[in-house]
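The structure's right below; bear with me while I get my questions together.
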Amino acid sequence: MSEVLNYKKLYRAYLDCRKHKRRTVNALKFEWDLESKLSNLLAELQSGEYAPGRSTCFVVENPTVREVFAADFKDRIVHHLLINEIEKAGESVFIYDSFACRKGKGTHKAISRLKHFTRKITDNSTKECWYAQLDISGFFMSIDHDLLFSIYENLVTGQNKSMQWKRDVLWLAKVIVYHRPVDNYFKKGDRRLFALVPKQKSLFEALPQKGLPIGNYSSQFSGNLLLNGLDNFIKRSLKCEYYARYVDDLVVLSDDLPKLWYYIGRIQEYLETNLHMKLNQKKTKVKRLNEGLDFLGYFIKQDYSLVRRRVVTKLKSKLYSMNMANNRAPADQILSVVNSYYGHFRRAASYHLREEIYENHLGRLKEKFVLAEGCGYLEIKVQN
Amino acid sequence: MPTSQQLPLYHKLYQLIKFLYGIRSNFAKEYKYTFGDDVVVLAWGCIDLFLEANSGGKEKYLKISMLSVEFDKLKLRLRMGQELKLISIGQFAHLQENFISDSGRMIGGWLKENFAKA
């Protein structure tokens, strides 16, 4: 029996895939006939006949216009199956300061790490600190399939596992990496939005041997794996101490401006020669940290950080629509929305912001909620 | 006596009951004789219907379709048992791989075969 392609692993992948998504139509459709669907999928995988199905393509407008390919539920299980197998191997080669899509990491960890860096560089705010924020233009669309697969190959063959395991995992990786959803998809939502997607961000415009669909779990992991080479180059060859990455958002901190320019040059060189990617020159910023670094929903300065303006505006507009007479959202639902924003705000200097939002923007809802001590979160008002 | 085509189904169902008795003994106390009994009784119901369908009566097709429904009920309960953590993921996979998927296929085939005759 195969070590990877067996019922237990597949069922576990199914459970992971279903998590938080169980009430969606596709998940329910699958669950209704779970046992036989899983065993059919397993038979397909074992015989090697499996091929990914049809994806749903739609466009999201917020925060920017993006084209998303959502895989079929069955295919999502297979993505989870692959990542479950390979995640541990990936974790062992990733650097500490890569924060995207990993267990125990995330945006908040990235921010607190950056704060830690600033304090170290500036010697507790007594010195100057510079940052370089780099952005890879059209990151997911410029990923080369062959290159990505060769990285998978290196990772998998280096593991201390049986030949059969390596063969099965590589086969899964191959099927997923080389799958092109543009050949089999159906469009959903407003068709006019598709024209708004910039060319370098559309999978339809990408070269046939390039591009990963945004929206697949496997794509996020693949992105991490691909840029892991760059991470290691920056940390180990350039010996750059203060570097953090979230997907394709790279931040390098330093107290020395010429050194920063040197790093950027080398990073660009590395990207072009090894990964065939380019830095987005317009979005590359080199500034003093006091001028502010706009990163992952926060605006970081040398001594303090603020919440990004866009997030605040979003909450205010949400509160406005919740105050409309025809809005019948239950109180606990509103509470969890507002509190999740407050959870984000709390990590920045935002005491007065939270107070102000409660006083001036909650409107009619103010009758239902009270602000907890320290303005940390909202609570439902207890009726006396 | 069932035909040689049906005998493997008997064997599968029989083994299934045996396995279910085995895992039931490890259920948590509050489920052992409630939920656990339901599962075992349903499994016995399946094998009883198998017997009745093979008894040579007129209602063969009806019995097989009843068996199919009963079997689906059993599957549902096993699914719940896994979610209640009474059945481990490994046990669930073992159940599916060795008993459920095969028996399901056999019952489906048997049903189809007799649909033509009925």
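From A:VAL337, A:VAL312, which residue is at pLDDT below 90, of a type in the set (A, V, I, L, M, F, W, C) and under 22 Å from A:ASN62 (Cβ atoms)?
A:VAL337
Every residue in region B:78-118 that is of a type in the set (Lys, Arg) and open to solvent by 80 Å² or more (accessible area, probe 1.4 Å), please.
The answer is B:LYS85, B:ARG105, B:LYS112, B:LYS117.
Table: residues versus (1) surrounded by fewer than 19 Cβ atoms within 10 Å (Cβ to Cβ); (2) over 18 Å from A:TYR50 (Cα atoms).
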{"residue": "A:VAL60", "(1), (2)": "yes, yes"}
{"residue": "A:HIS80", "(1), (2)": "no, no"}
{"residue": "A:SER92", "(1), (2)": "yes, yes"}
{"residue": "A:SER98", "(1), (2)": "no, yes"}
{"residue": "A:GLY104", "(1), (2)": "yes, yes"}
{"residue": "A:THR107", "(1), (2)": "yes, yes"}
{"residue": "A:ILE111", "(1), (2)": "no, yes"}
{"residue": "A:HIS116", "(1), (2)": "yes, yes"}
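Please find, among A:LYS8, A:LYS21, A:LYS37, the residue that is open to solvent by 70 Å² or more (accessible area, probe 1.4 Å), more than 9 Å from chain B (Cβ to nearest Cβ) and not in a loop (DSSP other than H, G, I, E, B).
Selected residue: A:LYS37, the only one of A:LYS8, A:LYS21, A:LYS37 that is open to solvent by 70 Å² or more (accessible area, probe 1.4 Å), more than 9 Å from chain B (Cβ to nearest Cβ) and not in a loop (DSSP other than H, G, I, E, B).
What's the total number of residues in region A:103-151 that are in contact (Cβ under 8 Å) with a residue 12 or more places away in the chain, farther than 19 Å from A:ASN224 by Cα and assigned to a loop (DSSP other than H, G, I, E, B)?
5
Check off (1) in contact with a helix residue (DSSP H, G or I) (Cβ under 6 Å, 6 or more places away or on another chain); (2) in contact (Cβ under 8 Å) with a residue 60 or more places away in the chain; (3) in a helix (DSSP H, G or I) for A:PHE30 and give me the number that stays unchecked.
Going through (1) in contact with a helix residue (DSSP H, G or I) (Cβ under 6 Å, 6 or more places away or on another chain); (2) in contact (Cβ under 8 Å) with a residue 60 or more places away in the chain; (3) in a helix (DSSP H, G or I) one by one, A:PHE30 breaks only (2).
Being of a type in the set (A, V, I, L, M), surrounded by 14 or more Cβ atoms within 10 Å (Cβ to Cβ) and out of contact with any helix residue (DSSP H, G or I) (no Cβ under 6 Å at 6 or more places or on another chain) is the filter here, so list the residues in region A:301-326 that pass it.
If the condition is that a residue be of a type in the set (A, V, I, L, M), surrounded by 14 or more Cβ atoms within 10 Å (Cβ to Cβ) and out of contact with any helix residue (DSSP H, G or I) (no Cβ under 6 Å at 6 or more places or on another chain), then A:LEU306, A:VAL311, A:VAL312 are the ones that fit.
When you scan region A:124-135, do you find a residue that is surrounded by 19 or more Cβ atoms within 10 Å (Cβ to Cβ) and closer than 17 Å to A:LEU275 by Cα, even just one?
Within region A:124-135 (the criterion being surrounded by 19 or more Cβ atoms within 10 Å (Cβ to Cβ) and closer than 17 Å to A:LEU275 by Cα), the answer is yes, since at least one residue qualifies.
List the helices (runs of 4 or more DSSP H) that sit entirely inside region A:269-384 and contain at least 1 residues that are touching a residue at least 40 places away in the same chain (Cβ under 8 Å) and touching a Pro at 6+ places or on another chain (Cβ under 8 Å).
Of the helices (runs of 4 or more DSSP H) lying wholly inside region A:269-384, those with at least 1 residues that are touching a residue at least 40 places away in the same chain (Cβ under 8 Å) and touching a Pro at 6+ places or on another chain (Cβ under 8 Å) span A:309-322.
Another question, then. Tell me, yes or no, whether region A:199-212 has at least one residue that is modelled with pLDDT of 90 or more, within 25 Å of A:GLU49 (Cβ to Cβ) and of a type in the set (A, V, I, L, M).
Yes, some residue in region A:199-212 is modelled with pLDDT of 90 or more, within 25 Å of A:GLU49 (Cβ to Cβ) and of a type in the set (A, V, I, L, M).
The values are calculated or read from the model by the stated rules, or taken from the named source; none is laboratory data. The structure displayed is predicted, hence computed values, not measured ones. Note: ideal-geometry Cβ built from the backbone for every residue, glycine included; neighbour counts use all protein chains shown. Accessible surface is based on the protein model in full, side chains and every heavy atom, while ligands, DNA and RNA are left aside. Shrake-Rupley method; radii C 1.70, N 1.55, O 1.52, S 1.80 Å.
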